[in-house]
Each structure stands twice: as structure tokens, then as C-alpha cells.
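Heads up, the thing below is written out as C-alpha cells.
What follows is calculated from the coordinates using simple rules that are stated; it is not laboratory data. Treat the numbers as computed from the prediction; the structure is a model and nothing was measured. Every residue, glycine as well, gets a Cβ built from its backbone with ideal geometry; the counts of neighbours run over all protein chains shown.
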Ligand SMILES: [Zn+2]
């Protein structure tokens, strides 16, 4: 359960930086070539955030694809999987992007303590 560990890391990273402030939304970037299944992260998110300042936060996930270019026939195509193979049968493909796995943004409810 790869995604559970990843989701736990995301939640830990957010709590470490935002402390007790209540989090209303988290936006993640999970590239299509990252090998991480967004639906699994979504499922784990509810479990992992229970009892934390992220409980009930909305989870938004961007899923960018990469760009691939075949080194043999020079065809360019969308790379939306970990395994990339050109239509010409060649696997020697240069790929750019689509493997991101990061927190894009976090929305907080400001706490009274922060104002002082
Ligand atoms: Zn090719």
C-alpha cells in the first residue's frame, strides 16, 4: 500500500508547516507517470487526516501527463504511463514531465492565535 505511505507523508508535511491551523483544502500534483494512483491517495486521505487539522479538508488532484519523443522515429506523443513505448515499437523514448509528486497548495482557516 504505497499510496498510504505517500498520503501519510503529505499530511505530515502539511501539519509540520501549518501546525494547528485548520486546513480546508489541499491540492496535489500527481503526474500520470509518477506510478501513484490518485484514487488510492484520495481514499487514504480520509483515513490519514482523521483526527488531524486536515480532517474534512477538500482534496484536489492535478494529473499532468508527460511529453514523449521517440529517439528512433522522432514521433512525439503524450506520455501518460510509467512505461512508455512509441507506436513504432521503440522504447528508447525521451520523456519530459508527468512524473511530479508534490503539494501544489494548501488552504487554511486563520486561527485567532496567529493574529497576535
Ligand atoms: Zn518511434
Legend entry - Helix-only CD estimate at 222 nm, as mean residue ellipticity for the chain, using -39500 (n - 2.57) per DSSP H run (n ≥ 4): -8500 deg cm²/dmol
Legend entry - residue 94-residue 76 pseudo-label distance in nm [points 7 Å out on the Cα-to-Cβ vector]: 1.1 nm
Inset, instruction - Kindly express, to the nearest 10 degrees and within the range 0 to 90, the angle between helix 2-18's C-alpha long axis and the longest C-alpha principal axis of the chain. - result: 50 degrees
Inset, instruction - Quick one: give the max-minus-min coordinate of the C-alpha atoms of the chain along each principal axis, largest first, in Å. - result: 62, 29, 18
Inset, instruction - Of the DSSP beta bridges with both residues in the chain, give the percent that are antiparallel, rounding to the nearest 5. - result: 75 percent
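Would you order 30, 6, 103 from fewest to most other beta-carbon atoms within 10 Å of each residue's own beta-carbon? Could the numbers behind the result be given before it?
Working: 30 23, 6 20, 103 14.
Exposure proxy ranking, most exposed first: 103, 6, 30.
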Inset, instruction - Could you tell me how many degrees, from 0 to 90 and to the nearest 10, lie between the Cα long axis of helix 38-49 and the main elongation axis, the longest principal axis, of the Cα atoms of the chain? - result: 20 degrees
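Below 8 Å between Cα atoms, with a sequence gap of 6+, how large is the relative contact order for the chain in percent? Mind dumping the intermediate values first?
Details: 216 pairs, mean separation 41.3, N = 116.
With pairs under 8 Å counted, the relative contact order is 36 percent.
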Inset, instruction - Could you list 9, 105, 34 in order of exposure, starting from the residue whose Cβ has the fewest other Cβ atoms within 10 Å? - result: 105, 9, 34
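Under the definition of Cα pairs under 8 Å and six or more residues apart, what whole-number percent is the relative contact order of segment 15-57?
Numbers: 24 pairs, mean separation 25.2, N = 43.
Contact order relative to length: 59 percent.
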Legend entry - Segment residue 4-residue 46, length gained on full extension (0.36 nm per residue, minus Cα span): 14.1 nm
